[in-house]
Amino acid sequence: MSDNAARRDAVAGDGKTPARFAGKIALVTGAGQGIGAAVAAALAAEGAAVAAVDLDPVRVEAVAAEHRTRGAEVRAYPADVSHGDAVDRVVERVENDLGPIDVLVNVAGVLRAGTVLKSTDDDWLSTFAVNSDGVFFVSRAVARRMVPRAAGVIVTVGSNAAGVPRMEMAAYAASKAAATMFTRCLGLELAAHGIRCNVVSPGSTDTAMQRALWTGDGARRVIEGSPESFRVGIPLGRIAESADVADAVLFLASDQARHITMQNLYVDGGATLVG
């Protein structure tokens, strides 16, 4: 267990600190692994009933089952966020099963690394289908239900790559930039209804997606940077854990951030020196 996870468990279970999301319903996409699973765990530990949405039914059910053994209310909802009809159906199921959604966290994402010249049409289209279209479909479906209630919070997990050019990551960076600006525009449209929309942009985070990019020295090379790819390192000298990103998401989703909307919070150890 990470230090952050241990700290969170201690806080949530100390019987003294009120759970920030007690009685709340949260929907988290990409909840089958990595940052999405960490966000779902953090929300559940803080008292929320969590709808865990993921394309992989086996993986997301395993995540939900693990939390249920601890007494948390986490239910698995397999769905492909890149299809609008499927999204509408799963959002309806969640509200029928659990109740009105108070918090939406868009985490589902894919990364196909490669140069623009070698990328295929499918590389580009499938990346946008999940990273951009998925954020649009899920946010729209949930926001349509939040507006009549005049309450709700939407947080999109983007990437620091959305603000800084990256070698062999054009599709990913562009799709995350689209999702980031979409979320901020949505926040402007929904502000009059009391609904806040923000973005959390992680840098290199120790997930399966990140490890798939590692070669040779792996994490050390990421931390130190690579001049040949015009990439600075991480000033804080460490790779983020998924829990670091989840902490930022929970802050923006909580009442502690009640006067924050349309903002983009970088969680990258200082790797984004401009942007």
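Just so you know, all these numbers are worked out from the coordinates, no wet-lab data involved. As the structure is a prediction and not an experimental result, all values here were calculated from the model. Positions of Cβ are generated from backbone atoms using ideal geometry, with glycine treated the same way; all protein chains shown enter the neighbour counts.
Going by how many other beta carbons lie within 10 Å of each one, how would you line up Leu252, Leu265, fewest first? Don't skip to the end; give the middle numbers.
Working: Leu252 23, Leu265 18.
Least to most surrounded, the residues fall as Leu265, Leu252.
Between Asp255 and Arg140, what's the calculated FRET efficiency when r is the beta-carbon distance and R0 is 22 Å? Round to 0.05.
That gives a FRET efficiency of 0.35.
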Between Glu228 and Met181, take the C-beta separation as r, use R0 = 51 Å, and let me know the FRET efficiency to the nearest 0.05. 0.95
Please give the residues of region 18-38, grouped as numeric ranges, whose backbone N is less than 20 Å from a label point set 7 Å along the Cα-to-Cβ vector of Arg93. 25-33, 36-37
Take the alpha carbon gyration tensor of region 57-203, find the square roots of its eigenvalues, order them as a ≥ b ≥ c, and report rounded if a/c is under 1.5; if not, report prolate when a/b exceeds b/c, else oblate. oblate
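Please state the shape class of the chain: rounded when a/c is under 1.5, otherwise prolate if a/b exceeds b/c and oblate if not, all from the C-alpha gyration tensor. Don't jump to the answer; show the numbers that get you there.
Numbers: a/c = 1.56, a/b = 1.31, b/c = 1.19.
Cα axes put the chain in the prolate bin.
Taking the Cβ of Tyr77 as the centre, find all other residues whose Cβ is under 9 Å away and add up their charges (Lys, Arg: +1; Asp, Glu: -1).
Details: positive: Arg75, Arg93; negative: Asp54, Asp97.
Summing Lys/Arg as +1 and Asp/Glu as -1 gives 0.
Where in the chain lies the longest segment free of trypsin sites (Lys or Arg not before Pro) that are both loop residues by DSSP (not H, G, I, E, B) and have at most 14 other Cβ atoms within 10 Å?
Working: sites that count: Lys16, Arg70, Lys118, Arg238, Arg258.
For trypsin sites (Lys or Arg not before Pro) (loop position, at most 14 other Cβ atoms within 10 Å), the longest site-free span of the chain is 119-237.
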